[in-house]
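The values are calculated or read from the model by the stated rules, or taken from the named source; none is laboratory data. This is a predicted model, so every value here is computed, not measured. Cβ placement follows ideal geometry from the backbone for every residue including glycine, while neighbour counts extend to all protein chains displayed. All accessible areas refer to the heavy atoms of the entire protein, side chains included, with ligands and DNA or RNA removed. Shrake-Rupley method; radii C 1.70, N 1.55, O 1.52, S 1.80 Å.
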Amino acid sequence: MKMIEGHVAIEPPHGVPVWDVDPYDPEILADPDAYYAELRSKGPFVYIPRYSILACGRHQETQEVFSDWERFVSSRGVGLQDFKLETPWRPPSIILEVDPPAHSRTRKVMARVLSPKAANALREQFRAAADKLIDELLERGSFEAIAELAEVYPTDVFPQAMGLKKVNRRYLIDYGAMVFNALGPDNDLRRKAMAMGPQIVPWITEQCKRENLEQEGFGAEIYAAADAGEINEGEAGMLVRSLLSAGVDTTVTGIGSALWCLATNPQEYEKLKDNPKLLRPAFEEVLRFTSPVHSFCRTTDRDTQVSGVDIAAGTKILCVLGAANSDETRWPHAEKFDVDRRPTGHLAMGSGIHGCVGQNLARAEVGAVLAAIVQKVGKIELTAPARWRPNNAIHALDSMPLSFTPH
Ligand code: OVV
């Protein structure tokens, strides 16, 4: 059995174009639009020989693969490695890298802890923190928007909402970088991320323990589910780990990308200032337009067919969410950032039973920052070109010098 990147090498299915591309080339990761367009243009699926995977980037097939957990499982890993054949770098997540029925039990706990009501209860706190930070930045006028805003805000409010007793902002962000880079091939990005493990993983594991969490917060609520017998103590620690894995880099990216959209589309920012009711749909448009998680894999657990293409059991399918979110056939003028679009059905937070369980919280965090900005900031301008930071699963900015001018 020939293996590539931890999964079985497959033959290209009949009729599927072979495309000699590296989706994990840092240049593509930093500037993916041409790759997205070419992927969609080639057909519902392409075969990528370098990794022996199928990839899809049209909205329809990506949505189909992402929504059907029975044929396209997560339990074999959502990166290139097949967990049935190789041991992953850390014990698999008990909510992300698992299928029903095991998934249903942990998902239920997390859905309750991160419910719309729970996110709503934090709104005032989130808004106060956003007001304070935006006031400080306005005072300074110009600043580094990734390091000094996008990374600062979530690493302030999120650990507090979790009830972490100890906070190390760098470790929280770098752990996210590890988790997401780990989904890609054994390339430089993944190796550099993994090299941080010995320093970061023990620290993260320690913070997941009951005694390192306050009496109140998401952490305590997860442990309350253990007290109630819904999950066991070890599982509670693993679910706290999931929150720390998925809850930081994603929201950092959402805030950075929202600012980038507004700075580079000043006429859209004007519309937001005139009508703050547009804030929520505008953030959905940021998600569609920038796709913070650019791709996740699924694995077929049986022979199946999608759009007439035969897909063999054990095939890794790279679902390119960023490509699906810029599919012209689904989004007219997809290349335009349009705050008046109502982009329901975008795949930036996934779809189906594994759809982002933290999405209420993410929207509350970014919503608070954007609400503070439209209230206080008249003009948002880039003072130098923004730079992107290649990551095997996240499409995020690395640096973005900005200036804020008050109303
Ligand atoms: C990268 C990621 C996304 C969602 C969930 C998790 C990780 C997890 O660790 O559960």
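Amide H neighbours of Val293 under 5 Å, counting only residues 5+ apart in sequence or on other chains, H built in-plane at 1.01 Å?
Result for Val293 returns His395.
Given charges of +1 on the Cβ of Lys and Arg and -1 on the Cβ of Asp and Glu, with all other atoms neutral, how large is the dipole of the stretch 1-147 about its Cα centre, in debye to the nearest 20?
Values: 18 positive and 23 negative charges, 185 e Å.
Dipole about the Cα centre, nearest 20: 900 debye.
Which residues' amide hydrogens lie under 5 Å from the amide hydrogen of Ala145, considering only partners 5 or more residues apart or on another chain, with H built in the peptide plane?
Met400, Leu402
Given a 1.4 Å probe and the protein chains all in place, what does the accessible area of Asp174 round to, in Å² to the nearest 10?
The value for Asp174 is about 30 Å².
Within the set Lys117/Lys336; Lys108/Lys277; Lys132/Lys166, which residue pairs have Cα atoms separated by over 26 Å?
On the way: Lys117/Lys336 33 Å; Lys108/Lys277 31 Å; Lys132/Lys166 22 Å.
As for pairs spanning more than 26 Å Cα to Cα, those are Lys117/Lys336; Lys108/Lys277.
List, in order, the whole-Hz ³J(HN,Hα) value for each residue of the stretch 8-13 obtained from phi through the Karplus relation with A = 6.51, B = -1.76, C = 1.60 and θ = phi - 60°; use x for Gly and Pro.
Ordered by residue, 3J(HN,Hα) equals 6, 6, 10, 7, x, x Hz.
May I ask you to derive the relative contact order of the chain, considering only C-alpha pairs under 8 Å and at least 6 residues apart, and to give it as an integer percent?
Once normalised by length, the contact order is 26 percent.
How large is ³J(HN,Hα), in whole Hz, for each residue of the stretch 170-183 in order, when computed from phi with the Karplus curve 6.51 cos²θ - 1.76 cosθ + 1.60 and θ = phi - 60°, using x for Gly and Pro?
Taking θ as phi minus 60°, the curve returns 4, 5, 5, 5, 5, 5, x, 4, 5, 4, 7, 5, 5, 6 Hz for the stretch 170-183.
Quick one: length gained pulling Glu144 to Gln267 fully straight, 0.36 nm per residue minus the C-alpha distance?
42.0 nm
Between Asp340 and Glu230, how high is the FRET efficiency from 1/(1 + (r/R0)^6) when r is the Cβ-Cβ distance and R₀ = 51 Å? Nearest 0.05.
Calculated value: 0.75.
Could you grab the relative contact order for the stretch 356-407? Cα pairs under 8 Å, six or more apart, rounded to a whole percent. Kindly include the intermediate steps, with their values, before the conclusion.
Numbers: 53 pairs, mean separation 18.6, N = 52.
Computed over the stretch 356-407, the figure is 36 percent.
Roll a 1.4 angstrom probe over the protein heavy atoms and tell me the percent of accessible area of the stretch 259-402 that is carbon or sulfur.
Working: 2780 of 5250 Å².
After summing per-atom areas, the C and S share lands at 53 percent.
What does the charge dipole of the stretch 251-365 about its Cα centre add up to, to the nearest 20 debye, if the Cβ of each Lys and Arg holds +1 and the Cβ of each Asp and Glu holds -1?
Roughly 240 debye, rounded to the nearest 20.
What Kirkwood hydrodynamic radius do you get for the chain when you take the inverse of the mean 1/r over all pairs of distinct Cα atoms, in Å?
Numbers: mean 1/r = 0.0462 Å⁻¹.
Taking the inverse mean of 1/r over all distinct Cα pairs, the chain comes out at 21.7 Å.
Could you work out the relative contact order of the stretch 250-333, using alpha carbon pairs under 8 angstrom and six or more residues apart, expressed as a whole percent?
On the way: 79 pairs, mean separation 20.9, N = 84.
Dividing the mean separation by the residue count of the stretch 250-333 yields 25 percent.
Would you rank Met194, Met178 by solvent-accessible area, highest first, keeping every protein chain in place and using a 1.4 Å probe?
Values: Met194 45, Met178 0 Å².
These residues rank, largest area first, as Met194, Met178.
How large is ³J(HN,Hα) for each residue in the stretch 104-110, as worked out from phi by the Karplus curve 6.51 cos²θ - 1.76 cosθ + 1.60 (θ = phi - 60°), to whole Hz, x for Gly and Pro?
Per-residue couplings from phi come out as 4, 5, 6, 4, 4, 5, 5 Hz.
With charges only on Cβ, +1 for K and R and -1 for D and E, what is the dipole size of the chain about its Cα centre, in debye, rounded to 20?
Details: 45 positive and 55 negative charges, 117 e Å.
I would put it at about 560 debye.
Collect residues whose amide H, placed 1.01 Å from N in the peptide plane, falls under 5 Å from the amide H of Ile311; neighbours closer than 5 in sequence don't count.
Thr304, Gln305, Val306
Can you tell me the order of 250-261, 376-387 when each peptide is scored by its average per-residue count of other Cβ atoms within 10 angstrom, highest first? Walk me through the numbers before you get to the answer.
Values: 250-261: 25.8, 376-387: 14.6.
Ranking, from highest mean packing down: 250-261, 376-387.
With all pairs of different alpha carbon atoms counted, what Kirkwood hydrodynamic radius in Å does the stretch 225-267 show? Numbers along the way, then the final one.
Details: mean 1/r = 0.0784 Å⁻¹.
Here the Kirkwood hydrodynamic radius works out to 12.8 Å.
Using a 1.4 Å probe, what is the accessible area per residue for the stretch 15-69, in Å²? Mind showing how you got there, number by number?
Details: 2210 Å² over 55 residues.
On a per-residue basis, the stretch 15-69 sits at 40 Å².
How much accessible area per residue does the stretch 258-355 have, in Å², with a 1.4 Å probe? Don't skip to the end; give the middle numbers.
Values: 3680 Å² over 98 residues.
It amounts to 38 Å² per residue over the stretch 258-355.
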